[in-house]
């Protein structure tokens, strides 16, 4: 017994680093994906599409948690404040690039407190006209707005939304004035759009595409710098006489700052593996997203540029949240 104890002690000392590595391996428990919006939106749908595949790939439970409020800022703040252990993530929408300019008490700094892991893709917004209105081109809208300033209305998902900011830019560039009608989210806007409450609803295709397909809304222009592959027949604002605008919604996956490199690499690989499955890929594209996955090296600068652009528009137009 006395002779065996030194051997046992030596064995335990040799095994200790391996035990520590096993205990520190990731994933080591349930993973939470925060959706900072109510159920039913595109961020929620995208998270739930990925959930079963990520669960199978990573071998741990994946929990999708809806934490809505403040245009996505409340849920994103929870992710920013979480431990950098790889167990909490957040899937954001384009409001993420605007919130810091609109909400002084947001409680986190995007570039300091979050890791931009993966940009899924983008989608331009579509400016449409209700079928009962006379407009069939952007030129006709501009002509009517200049002839009768502040009589033509356009509807968005809210004050400070990307659509609101894009139309603020368009009016400055085109020298015309419209009346903004903000709604409280995509659902209310969609209902109002098909009912003809506003002349010109503007939103992403996921929000109003069904009404475009039905003929209730007539597409006039899209807000990307180039035509979206999902809407090749709709001209851009630049093609319609309003140059210099590139306003695209985006969907991105973020975690807290200071995540270990191994955790980031494995989570990104798991997401890319899910997106490589044809069925999932087609379902994501079906949401209206121009799918083009880009990692941290691209996503980080992309978010920084978006924040700079839209913060300037917020300041110059004195825009306030609802």
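A few remarks follow.
- Modelled FRET efficiency - R0 30 Å, residue 136 with residue 268, Cβ distances, 0.05 increments: 0.10
- Placing R0 at 30 angstrom, the Cβ-Cβ distance between residue 146 and residue 197 gives a FRET efficiency of 0.80 after rounding to 0.05.
- If R0 is 56 Å, the Cβ-Cβ spacing of residue 179 and residue 56 corresponds to a FRET efficiency of close to 0.65.
- When DSSP beta bridges are restricted to pairs lying wholly in region 124-222, around 55% turn out antiparallel.
- Each DSSP beta bridge with both residues in the chain is either parallel or antiparallel, and the antiparallel ones are about 60%.
- Full extension of the chain between residue 257 and residue 281 gives 5.8 nm of extra length, using 0.36 nm per residue less the Cα-Cα distance.
- Computed Kirkwood radius, in angstrom, where 1/r is averaged over Cα pairs of region 124-222: 13.0
- Annotation: extensible slack from residue 64 through residue 233 equals 57.2 nm (criterion: 0.36 nm per residue apart, minus Cα-Cα distance).
- Between helix 162-174 and the chain: long-axis angle, C-alpha atoms, 0 to 90°, nearest 10: 40
- When only alpha carbons are used to place a centre, region 185-253 and region 116-180 end up 9 Å from one another.
- Taking the C-alpha atoms only, the angle from helix 42-58 to the longest principal axis of the chain is near 20 degrees.
- Angle between the chain longest axis and helix 4-24 axis [Cα atoms, degrees, rounded to 10]: 0
- The length gained on full extension between residue 296 and residue 318, counted as 0.36 nm times the residue separation minus their Cα-Cα distance, comes to 4.7 nm.
- For region 202-310: rounded, prolate or oblate by the Cα gyration tensor [a/c cutoff 1.5]: oblate
- Column: log10 I(q)/I(0), Debye, Cα scatterers of the chain, q = 0.07, 0.08, 0.09, 0.16 Å⁻¹: -0.33, -0.41, -0.50, -1.31
A short reminder: the numbers here are calculations on the coordinates, not readings from a lab. Note that this is a predicted model, so its numbers are computed, not measured. When we count neighbours, we look across all protein chains shown, and the Cβ atoms used for this are built from the backbone with ideal geometry, even at glycine.
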